[in-house]
Amino acid sequence: MKRPSPTLLARKTSTDRLIGLYRYMRKDYMLYLMILPGIAYILIFKYWPMYGISIAFRDFSIFKGYADAPWVGLRNFVNLFGKAGFIRALKNNIIISLLKLIMGFPTPIILSLMINELSNLKYKKLIQTSVILPNFVSWVVINGLLYAIFSPSSGAIQGLLAAFGYDGKFPNLLTDKSNFRMVIVLSHIWKGAGMGTIVYLAAIAGIDREQYEAAAIDGAGRLSQMWHITLASLRSTIVILLIFRVGEMMYAGFDQIFAISNPLVISVADIIDTYVYTIGLEQRNFMLATAAGLFQSFIGLMLVLITNAIANRIEPDSSLMNFAKRK
Amino acid sequence: MNKKTAPEIFGLSLNAILLFIFAFSTTYPFWHVIMYSISDSRAAMSGGLFFIPRDPTLLAYRMLFKTKLIFIVYRNTIIRTVVGTGLSVLLSSLTAYPLSLARFKGRSFFSLMIFFTMLFSGGMIPTYLVVKTLGLLDSLWALILPGAMSAYNMFILRNFFQSIPNSLEESALLDGANPLQVLFQIILPLSAPALAAIAMFYGVGNWNSYLDGVLYINDANKQILQVYLRTMLGTAGAKGVLGDISGNLTDASSLTEETMKMVTITVSVIPVLIVYPFLQKYYTKGILIGSVKG
């Protein structure tokens, strides 16, 4: 029998591939069964809602359903941007995200450097355990803690001031518009800074001790060592984390603001997520709410992709993609 | 031993003190709330710092436990946390294992499919509509299913599975084991740190969950702890409970709203405070597995 040419033999047709896949699936079918529940979950609760995004482009009423919901293009978005409430939410979102970034990003770094300087191991462990604690507590509880400490009626601070002879009332931080954004940012830092130190301290632990010794011999003081060695070694970690953080700017802390906000401060604290909730689930205006949500998800996606690409340029192999694709 | 210069000693001491102040700020508020809750209401009203309770009394607790609702929401939250966390860890393991195997065809496809959900989502409204369409509103499943698996946690587990030597799996397969057996009898026992970490992530997430209770549950008897707490922290809530109970007992009149709030906070947070010191190291390890390469 005449042998077919080698190239013909070597080339796999798509049918071959399908047959190969089918054979593999039969052989290792157990693996497919195992992954089935997870994939079903993802399809139902993550991808099916994505289909609902189409509401943003339709004239939708919950009573009429999808069948009777004609496409209206970008009309919902035009309406959305005409709403003062949305513009306000967008503005607050950006301001709060920026504040959290500027004030909140350096804090775990500084904290890590400080903790690193502690020589007593027991004390170090105690400090670490203490500062990570708030991370585990819900925002509702933190709201309660804020009340307990800062309440002008019987809070800790108020009582302290009174004990020192101060007559006036400490402002109610939870209802005072002018300071509320700071309350949000500071409580966010309070809750998350400790947790943030974990990654940095691990990175610091990986720095070669000899560098410090060499620097000390050359006459560098502790601060100088901190700057030139510790911080320098952390540089790539910092850059990457910073870039990812920027990618998350569209999300300004829904859980927190929803738990802590109230009608008195809403004008400075309403963010896109809380706006979507109010418009969508309280006022039942699904069209606008879905449009706002889509806007947020979409811009968020763009931001993440862009910042990821930048991060990959600076430090290859560090992008989010590799976390998902590893090996 | 290097001799420290005077400015160095000053700097280090300042460092230690500042850290102490910060650590105090992250721990004292919890102590404060607990102490307040067991103090006599009138004595506590003047505020200030509480290192020990003032005129200790468990009155407020007794009053809180007289209301049925606290037990109901607590029970709901416990059920939700236990079932939810168990299901989540199981689901994450079942999904992570095939994805960790190089031979699994479809590995990239499924990984990407799941990964994409970390970058983009349908949003609150569409997700709410899905839950509604499935008829899950006002049920325990509305709290458990939508968050059943976190892509992030699953990938952490997958990456950990990948670090387990292939030889173990291969010898088991040679002995005739099927993948399910390999997963449960070999891989999982070796993955204790990663499993503990994600169990903690899921557990804490479930316990502290607030938004889904607000979104999906309307029946007060099915509500969860954090939502109940939020209601209590609003003035109407605490007054309401006080109103209920002051009808019952004369010395309830010595209770303030404040104390009732403190009691509710304490009750909500005590399980976390107790469990935290023991599990903290697992959590720390989990973060590292997830974020630091190699």
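The values are calculated or read from the model by the stated rules, or taken from the named source; none is laboratory data. This structure is a prediction, so every number in the text was calculated from the model and none was measured. Reconstructed Cβ throughout: ideal geometry from the backbone, glycine too, with neighbour counts over all protein chains shown.
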query: Taking region B:70-100 as the region of interest, how many residues are under 17 Å from B:Leu180 (Cβ atoms), of a type in the set (A, V, I, L, M), over 16 Å from the mean Cα position of the chain (by Cα) and surrounded by 18 or more Cβ atoms within 10 Å (Cβ to Cβ)?
result: 4
message: Pull out all pairs, ordered by first then second residue, where Cβ-Cβ is under 6 Å, the residues are six or more apart or on different chains, the first lies in region A:126-148 and is at the interface with chain B (Cβ under 7 Å from one of its Cβ atoms) and in a helix (DSSP H, G or I), and the second is among the aromatic types (Phe, Trp, Tyr) and surrounded by fewer than 24 Cβ atoms within 10 Å (Cβ to Cβ).
response: A:Pro134/A:Trp190; A:Phe136/B:Tyr276; A:Val140/B:Tyr210
- prompt: Between a first residue in region B:165-184 that is under 16 Å from B:Leu99 (Cα atoms) and a second residue that is of a type in the set (Asp, Glu) and outside any loop (DSSP other than H, G, I, E, B), which pairs have beta carbons less than 6 Å apart while being 6 or more apart in sequence or on different chains?
  reply: B:Val182/B:Glu169
message: If a residue counts only when it is at pLDDT below 85, which helices (runs of 4 or more DSSP H) contained entirely in region B:185-251 have at least 3 such residues?
response: B:235-246
query: Restricted to region A:164-188, and to residues that are surrounded by fewer than 20 Cβ atoms within 10 Å (Cβ to Cβ) and under 24 Å from the mean Cα position of the chain (by Cα), which residue is nearest to A:Thr129 (Cα to Cα)?
result: A:Leu186
task: Mind listing whichever residues of region A:149-183 are at the interface with chain B (Cβ under 8 Å from one of its Cβ atoms) and more than 28 Å from B:Ile270 (Cα to Cα)?
output: A:Ala162, A:Ala163
task: Filter region A:255-276 for residues that are touching a Leu at 6+ places or on another chain (Cβ under 8 Å) and part of a helix (DSSP H, G or I) and give the result.
output: A:Asp255, A:Phe258, A:Ile260, A:Ile272
field: Failed criterion for A:Ala252 (all others in (1) surrounded by 22 or more Cβ atoms within 10 Å (Cβ to Cβ); (2) assigned to a helix (DSSP H, G or I) hold)
entry: (2)
task: State all residues of region B:75-105 that are more than 8 Å from chain A (Cβ to nearest Cβ) and within 24 Å of A:Tyr24 (Cβ to Cβ); if no residue qualifies, say none.
output: B:Ser93, B:Ala96, B:Ser100
Segments classed as helices (runs of 4 or more DSSP H), wholly inside region B:1-73, with at least 3 members that are farther than 18 Å from B:Val269 by Cβ and touching a Cys at 6+ places or on another chain (Cβ under 6 Å): none
- prompt: Do you know which of the residues in region B:261-282 that are hydrophobic (A, V, I, L, M, F, W, C) and within 7 Å of another protein chain (Cβ to nearest Cβ) is surrounded by the fewest Cβ atoms within 10 Å (Cβ to Cβ)?
  reply: B:Val272
